[in-house]
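Peer 1: What follows is a single structure, and I will ask about it in a moment.
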Amino acid sequence: MQPWLFLRLVVAHGMICCRPQLTIPIPGRSFVAIERTTSLMNTPRNHHYVPQFYLRNFACDPEKKKIRTLAKNGDYAVWAERSIEGLGYERDLYVHSYGGIPVSVEDAINYGIETPISKSDTWAKIQSGRTDTLDRSDKPVLYALVRHLEARTPHYLATQLELAELAAQPDSDTPFTDEERAHYAELRANAALTKEMFNFMSESTDWSEAAYRGSGVSVVRTAKSLRTSTIPVLPIRAPEHPALRMPLPGMVPYTYNLALNPTTMLNLVLADFDDAFINVEQGEDFRLGMNRHLAVQFGHFPQVRHMITDANDELVRDMAWAHYRLEKSDDQRMVFHRPANSASSASGSGG
């Protein structure tokens, strides 16, 4: 059974408010349902696009308030301990305009999606390091977690804007249909609509039952540490397979990958795999390969502002491979530099 979200917009005291209700099937409970009405006046302005309950799984202190990350700063990348509360957010990310009135879906996300997942028996297994006990009964929550974290980030929003621009080019390599070109033309003409659609995706769990039923989920455990980032879902191209879903011409197969904790990776494939689920151990080659993919993601995409990683020889090697040179290093801080002409780099506040 898939999660469902029912959202009704109501007008109260001149503000549009969100009244979400989400039901997620959770192992050990019949359901979790949460209903809450919020207004923009009492909603936080710093919107975390990577949940703090997720980042706490990678904390480096007993209180689970700090995390070790490599952060972009122009042409530099600086590794240090940082506050979990102070990263992975943007100001008013989940605010859009509806009829000239500002609408926030921040509380709809927090209380309608994050709370049911973080209170689930599935998350309790992950948080306590018992990922070896994850089984098919945990698939609904794992599926919801990946699909949700993939859709709520600045990287996802930037990708939609990029697609809209590509659709305007008649010689684009992407074979857009006429219907898609019309859709993206409307988005280009209405910036507020683009943000509204992004926010709808961020607070929605309205995925098709067929996509969930056919998906394949793999829980992969490693002996040593995996990396993650503040854009935690990493799509990686997959080998061709007739069961993989590619609904549009020109699409390539790929998988969603999400580190659940420092030694567990979740892999989701949208396909016709008849509800497949496995939980396995993998060796060092898998771990090193995934960590290098995270280094590529960090080096290439401007919206990936923090990579959660240990400071070790492996990091130095991977950063050198990504054209970053180690300039300074001690127990508290590592500073890497990549000349601007070697690859594009970017920084952003609050991420």
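Peer 1: Could you pull the accessible area for Y89 with a 1.4 Å probe, rounded to 10 Å²?
Peer 2: Accessible area of Y89: about 50 Å².
Peer 1: Continuing with this model, one more query. How much solvent-accessible surface does K65 expose, in Å² to the nearest 10, with a 1.4 Å probe and all protein chains in place?
Peer 2: 140
Peer 1: Related question: Note down the nm distance, to one decimal, between modelled labels 7 Å out along Cα→Cβ at Q282 and at K328.
Peer 2: 3.6
Peer 1: Treat each spin label as a single point 7 Å out from the Cα along the C-beta direction, and report the D206 to I236 distance in nm.
Peer 2: 3.3
Peer 1: Let me check something: with ligands and nucleic acids excluded, how do S218, S225 order by accessible area (1.4 Å probe), largest to smallest?
Peer 2: Result of the area sort, largest leading: S225, S218.
Peer 1: Net charge near Q282: determine it from the other residues with C-beta under 12 Å of the C-beta of Q282, scoring Lys and Arg +1 and Asp and Glu -1.
Peer 2: Combined, the nearby Lys, Arg, Asp and Glu give 0.
Peer 1: How much FRET efficiency would the formula 1/(1 + (r/R0)^6) give for N73 and E180, where r is the Cβ-Cβ distance and R0 is 35 Å, rounded to 0.05?
Peer 2: In this case the efficiency is close to 0.40.
Peer 1: On to the next question. Residue by residue through the stretch 192-204, which ³J(HN,Hα) values in whole Hz follow from phi under the Karplus form 6.51 cos²θ - 1.76 cosθ + 1.60 (θ = phi - 60°), with glycine and proline marked x?
Peer 2: Couplings: 5, 5, 4, 5, 5, 5, 4, 5, 4, 5, 5, 9, 9 Hz.
Peer 1: Let me ask something additional. Among rounded, prolate and oblate, which fits the stretch 70-137 when a ≥ b ≥ c are the square roots of the eigenvalues of its C-alpha gyration tensor, a/c under 1.5 means rounded, and a/b larger than b/c means prolate?
Peer 2: Oblate, since a/c reaches 1.5 and b/c is not below a/b.
Peer 1: Separation between the D121 and A158 pseudo-spin-labels, each 7 Å from Cα along Cα→Cβ, expressed in nm?
Peer 2: Between D121 and A158, the simple spin-label model gives 4.0 nm.
Peer 1: Mind jotting down a quarter of the surface of the convex hull over the alpha carbons of the stretch 251-304, in square nanometres, one decimal?
Peer 2: 5.2
Peer 1: Report the net charge of residues surrounding A167, where surrounding means a beta-carbon distance below 11 angstrom and charges are Lys +1, Arg +1, Asp -1, Glu -1.
Peer 2: Summing Lys and Arg as +1 and Asp and Glu as -1 gives -4.
Peer 1: How much length is gained on full extension from A168 to Y98, taking 0.36 nm per residue of separation minus their Cα-Cα distance?
Peer 2: Extra length available between A168 and Y98 comes to 22.6 nm.
Peer 1: Mind scanning K64/K195; K66/K125; K65/K125; K65/K328 and naming the pairs with a C-alpha gap bigger than 29 Å? If you can, show how the numbers build up before the last one.
Peer 2: Values: K64/K195 33 Å; K66/K125 22 Å; K65/K125 20 Å; K65/K328 26 Å.
Result: K64/K195 exceed 29 Å.
Peer 1: For M197 and V316, calculate 0.36 nm times their separation in residues minus their Cα-Cα distance, and state this gained length in nm to one decimal.
Peer 2: Taking M197 through V316 to full extension adds about 38.9 nm, to one decimal.
Peer 1: For L234, what is the net charge nearby, where nearby means another residue's Cβ is under 10 Å from its Cβ and Lys, Arg count +1, Asp, Glu -1?
Peer 2: 0
Peer 1: Heavy atoms of the protein only, probe of 1.4 Å, neighbouring chains included. What is the accessible area of R292 in Å², nearest 10?
Peer 2: Its accessible surface works out to 80 Å², give or take rounding.
Peer 1: Something else about it: Could you tell me the distance between the Cα centroids of the stretch 166-214 and the stretch 99-146, to the nearest Å?
Peer 2: Taking the Cα centre of each part, the stretch 166-214 and the stretch 99-146 sit 24 Å apart.
The values are calculated or read from the model by the stated rules, or taken from the named source; none is laboratory data. In this text the structure is predicted, and so the values were computed from the model without any measurement. Every residue, glycine among them, receives a Cβ derived from its backbone with ideal geometry; neighbour counts consider all protein chains shown. Accessible surface areas use protein heavy atoms only, side chains included; no ligands, DNA or RNA. Shrake-Rupley method; radii C 1.70, N 1.55, O 1.52, S 1.80 Å.
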